[in-house]
Structures are given as C-alpha cells and as structure tokens.
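The values are calculated or read from the model by the stated rules, or taken from the named source; none is laboratory data. Remember, it's a predicted structure, so these values are computed and weren't measured experimentally. So basically every Cβ, Gly included, is an ideal-geometry build from the backbone, and we count neighbours across all protein chains shown.
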C-alpha cells in the first residue's frame, strides 16, 4: 500500500496508473467474455454433432433395413412361385400375386410395388396403373440386370407420376436360378427420408438438418427445407459457391464448418456422409442465434466494468489528495532528518575501516577519511580541491606503468569500476602499498552524476595470506603423494576435468594429460557398469558415491585398488571427488581376513599318514558343542569321514585333492552330529608341506557353524527359483516395475503380447514404449492402484510395437523385491474374444430383422403352406406340410 501511495504522488503517475489498470481490466473482461462465448459455442457444436450423428444413424439403418427387406421378400419361394404363374398371363394367378404383394405393401408402408419381367411386362399394386414406368427407373434396372443383390435407385424425379421417388429393387429368380424379373419397392421419399431429418424436441430455433447429394455441377437437396416453404424440394446450389455448407459437405469429411447456407445466412454446420448412400448430412444453426445467447452476459460484464472504473477513479482521486496533504508534512521532517543524516554520514565516513575518498563530478577531492589519509600520506585539508590523480597515484605492480584512475572511468562510464589485480598505490612519501579498490557514482534524484566515492583497502596482509595458501597447496600436494591420494573436479557440461598431482600419479599420467577420456578408460572393464550406475544415482537421486574398484595404470599397466568418494554440485553441474590408492591396504586386509576367518567355532590339527588315512591330532574351541562328541569319542566313532553326510562326500574328495596338492581350501559341507541331526559347517583348511617327506603331512584349520545361514540361503534360493520358473513359464503376460514405473523384468508372454524384445523393454517405462493407446486409461489405472494397492480385470487398449491397437485386460498388485517396493502386473489379449462377441451380436440383429419382416403373418404363412401343398399334388408329389 505504501509503494502505491508513493507511485501516485503526482497527477501524471495517477493518470498513467488509471489508464494501465483500465486496460488490464478491459483485457481481462474481454478474454472472459471470449471464454464464455467459446464455451457456449463448444456446447452448441457438441449438441449439433450429437443430433446429426443420431439422424445419420437412423437414415443409414433405414436404408440398410429396406435393402434387406427387399432381398428377403424377393427370395421368398412362395412369392416366386406366384410370380412364375402370373407371368403366364392367367388372370387368376395375376390376381393372387397382386393380392400377396398388396399385403406386403401395407405391412412395409410401401407406396407401390411393381414387378418388371425380363420381357418388360409390368405388374403393379398401383390403382389405375397404365403400364408406364419412369425411363430413369428402367435404365437403372437394366444396368443392374446381372446384379444378384438388392440395390436402390437413389432419389429421382419420375416424369410419369410427376413426383420424386426412392425405389429398392431385388432380382427374382425361379427354382432353377433363372432370372424372372425384378421386384420394385416404391417409396414416397417425403414419407421415408423427411421424417428422419425433422427437428427433435429441444433443438434450437434455427437448427436444421437436410440431406444433399452431388449431381453434376450442382449440389441438390433431397429433403424439404425448413426456411423455404413452398419451394421446390430439389434446390440446386452450384459447386462454385465454395463458402456454402451444402457444397462443403460433398467433400465427404466429418467436420465443423463455418460459412453460409442456401439462404446466404451465416451458419455453423456439422457435415458428414451417410454410410451406405451417396447422400450427405448438413446439420446447421444460425450464428446470430448462438451469439445472441451471450448478449446478456456482455451487458452484465459492461455494467460490472462501469462500477469497477468508477471505484478505481474514486480510489485514485482519494490517494492523490491524501499524498498531497502528507507531502508538505514530510518535507519538514526530511529537512530535519537531512541535517541529522549529514552528521551520521560524517561519523560513518570517518569511522569506516576501509579507505574512502569522495570527489565531485569533476574528479576534485571533497572528503578523505583517516584510513585514506594514512595510506596516501595526504591529510584531508591538503587533499581538498585537488584532482584525484595527485593524491591517488597508482601503478601496475609487474609493468610499473601508470594505471588509469578509476574515478575518471566512473565519471566517463557512469558505472561501478574496480581495479585490476597487482595494483600498487604510491603514497606521498613514496611507499608502495598493494591495494584493491572500487569506484561508484553518486547520483541525484534525476540520475545525474554529482560525484564519485572511491573505496580501497591495503592488501598487504591478503598477499601474505595468499602466499601462505600457495605454500599450503604445495604441502597438500606433497601430502597427497605420500598418502597415495588425490582430488579431481569434473564439469559435466564441458567434459573438462581438473586433477591434482596426486591423482595424476595414481593414474600413471602427467597432470596435463589427465582428461575425461583417460579417466573413463583406466578402470577395469568389470567395474565400468557399476561406476556408471553409481554416478547416475549420485546425479539423479543424490545417492552417496563411495566405491572401490580396480584400475590399470596408463604408464606401467599396474593393477591398483582404488577407493573413491564424490559429491555433485547440481547448480554448477560439476562433480568433486577424492581418490586413494588402497592397494597395500587391501593386501593387509586380505591377510587379516584370513586370520579372522580362522578364528571360528573351533580349530583343529589333522595328521595325514603315508597310507592317506586322516587322524585328528588336537582341537580347541567349541568342538564338543558343534559335534556332540568329546575328541576321544569322535575318534572312536570313525572321525571326520565317518561323520560326513553322503551329499558332501564328493565335495570332500575334491577338497582333499587340492589339499594334497598343497592348496588352501575354504569349503562348505554337511556333517552328522552325535544326536543324528545334520548341520552345515564352513571349513578353512591350510596344508602343511613337509620338505623332508616331500608331501603334505598335516592340515591346520578352523570350522564355523553356518547351519542357520545356509538353510536360510537355500530356502531363499529355492523360493526364488520357483518364482522364476512360474514367472517365465506363465502363459499370461507378466511384468515387474519399480516405484518409478520402469520395467525391471518381463516374461516371454509379455514380449509376445507387445511385439518388443526383453532387451527393448527393460529399463524403460510404458510411456516411453508408447504402450498405452489411450494415456487417460493409464492415468485412471494408476489412480485406482494408488488408492487400493491393486487393479483387477481392468479393460484397456494397448499399442503393439508395429502400431496395431489391441484390446486387453490387466490386473496388478504390490510386491517387494530385495526389500524394495515393486508392482507386478498380468495382462491378456482379448481382441479376438471381443470380435467374436460382436459377430454374435450382429447375428442376433439379423435374426431380429427377419422376425420383424415375418411378424404377425402367421395366418398368411398357413395359407402359403396350403398353396404349396396344392401345387405339389398337381405335380403328382406328396404334400410337404400337414393340414392345419
């Protein structure tokens, strides 16, 4: 609030603030209004599309059903037999045929039904029929005379009846598959198509749906027009009228279009072809009706804007006069505080620890504090009014040349200026003092330079400290060389590396030759993957980098053990590390490890006789607790070999061969205790070579009880083996992902399901492989999984490697791998099952349509069966149906 009051202290700022705020409010209101209008437009488009798709579906279904009905009626053998009789010219047969098709006409709401024989004889249900048919109809029939399927004429103008027709035609064949002629099922298209395009309840006032088709250079309408009362049904629109929604529909795309309709009124249309026909649907609504709906919203927004502008103007007016009132009060206080601040300024200037010289805008000295007096040798009284170069004489320490005075540079450039390194101040008495300084401009309220403040300090002690640091660095290098350690720094952006002399010596290169490629090449191959993974975990997950590995030095190819620790500076994208040659330490640790290993549950000495028999010489430790025997009882019971479990005899024989060959052995075997229980023990055996006998004569060793650890390890291995077999051999597609959704294992069934190899999947996520055909389904599955901890039989769409979209079912749950949470999922492909289900549904629909054709005609079927029986009797054959 205080900052706003300060900003509005003058009229200019207040006016600018008012204009700027008004523009912001207007922009917000404008975009808000656009959002309201666009939301309404999207709603209208969605409704328009839904209405159009529903009507298209009805029209397409009606066309499909009528073709099927025509086919079913024409294939009826009873109707065909009546047609064969009627063709003979017998009046009674003709009457029966016409009676039969009259019933079909009434049942299916046909306007008329015609039969046209192959010799152009026409039979019709039409009253007062004169035997004439449209030339257009006859041309279509004879063009399709070899067509065995039902077909339609499309909408056409009949010159005989002076009206528009839509006819469905089916070929009629005799029992020996000979073409008899064609049945023509005649519709008045106003009764068939027009009701399907009428407005639904709740549609907008200007909404209209019409059917159009392409005819030469024109688009013609097929249905009556809502806004052309009494006009010809077939309105022709030239194809050259490219902004017409009716012309745009002929392109056959499903899309929204903004243009004009047949009235030249601006409309928004949804265009779509009608499947199975040459017709196109145009569903449209007037733009003016859409935008008139948002007019009230615009009036409300304008009213709110007026209120806001009035309140803003009143607020700014109050702020401005409030500031004006307080300004004069502050002027007095500022004058008073200025006098006080001048006293404080002098106190600070003369009490500051750095040397300070203040000049005017021309470089003449105004103030010199005591520290500056001491360093320059000039008192403030002596220096006042002199040019800065007279009292502040500086040169380059190395070249001894005069350095440009920073005060002059500040006045010329108007910015803060610092001295270069190695600058010496020559005092009045000729004393040379190393200094560091900076100069800054002093500006008034309008930004004009009115002086310069020069601050500098004596760097003598800093130079001494720097020399001490350099000496310390030298001692550090010597310390690194003695301790066989070194440090390094790697910039990951530039791949440049800095390393100490100690690090270079460890790697066996000159310090100047130690670069990124050398550091990558010296570790032995078996350690490189571990080093890369540890480094990635440090950079990406901030996990500690503390590793031991082996290297081959560049100069001598010596194998060394290295211990390395590192930290990562994310801001600088830089690694800092320390390495140490621990080869000697490793050797010592190995010796102590062997000694430590021998300090076990008990130690022993065994004599090897010349005949190969073993005799325990002595034992120490928990021998009786491990075996259940005293040493004497153990010997009497047969000794070591007698107490070996049969499973370990072959292992013991292999171990004895090594011992007799003077090789140290560490082995794990099963032994039998006195109480007949079996335990696992680890044996450390060291042979003793007798030079006089030129053979191994004794074995010194130790025994550890490892039964609990061994049994646990074996049980774990057995469990892991069972899980591995079940996982890899499962017919279901199984996968395991870590908590970052990265695949850590998949079975062969998963590879077969997705088309990817195991190597392509491991280490990547499902999103990276583009497995999800619908990412929204993936989000929904993850939400369910996070809420419940499992997913069961969830249907989804997935994409194979070749891009094919398939249907699947997935289930998932949480497991733990090596103590860490992981997710295991199973999936199956149900695409073929879905296709079979759809095929069954299609067959059911076909049965329903046949049932509708034959519905409520049971009496007629009985009559037809009776007629068939009569025909068979006349032919001298047995009746086919029982009398009812």
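What the table shows:
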read-out	value
Out of 749, 822, sole residue that is within 16 Å of residue 734 (Cα to Cα), in a helix (DSSP H, G or I) and over 18 Å from the mean Cα position of the chain (by Cα)	749
Residue that is crowded, with 18+ Cβ neighbours inside 10 Å and under 46 Å from the mean Cα position of the chain (by Cα), where the choices are 247, 219, 265	247
Some residue of the range 561-584 being at pLDDT below 85 and part of a helix (DSSP H, G or I)	yes
Set 364, 384: member being in the same structural domain as residue 426 (by TED's automatic domain parsing), touching a helix residue (DSSP H, G or I) at 6+ places or on another chain (Cβ under 9 Å), at pLDDT 80 or above and surrounded by fewer than 18 Cβ atoms within 10 Å (Cβ to Cβ)	364
Which numbered condition residue 219 misses (of (1) modelled with pLDDT under 85; (2) in a strand (DSSP E or B))	(1)
Residue identified as outside the structural domain of residue 211 (by TED's automatic domain parsing), out of contact with any helix residue (DSSP H, G or I) (no Cβ under 8 Å at 6 or more places or on another chain), at positive phi and not in a helix (DSSP H, G or I) among 177, 119	177
Residues located in the range 782-819, provided they are more than 24 Å from residue 758 (Cβ to Cβ) and part of a strand (DSSP E or B)	790, 792, 793, 794, 795
Inter-residue pairs, beta-carbon under 7 Å, first closer than 16 Å to residue 644 by Cα and in the range 617-628, second loosely packed, with under 13 Cβ neighbours inside 10 Å, 6+ apart	628/675
Single residue of 403, 410 found to be buried (at least 20 other Cβ atoms within 10 Å of the Cβ) and either closer than 26 Å to residue 463 by Cα or in contact with a strand residue (DSSP E or B) (Cβ under 6 Å, 6 or more places away or on another chain) (or both)	410
Members of the range 662-679 found to be in contact (Cβ under 8 Å) with a residue 12 or more places away in the chain and either within 17 Å of residue 604 (Cα to Cα) or not in a strand (DSSP E or B) (or both), listed by number	662, 663, 664, 665, 666, 667, 668, 669, 671, 673, 674, 675
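Rundown of residues vs (1) modelled with pLDDT of 85 or more; (2) surrounded by fewer than 17 Cβ atoms within 10 Å (Cβ to Cβ), yes/no style:
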position: 416; (1), (2): no, yes
position: 422; (1), (2): no, yes
position: 432; (1), (2): yes, yes
position: 441; (1), (2): yes, no
position: 444; (1), (2): no, yes
position: 448; (1), (2): yes, yes
position: 452; (1), (2): yes, no
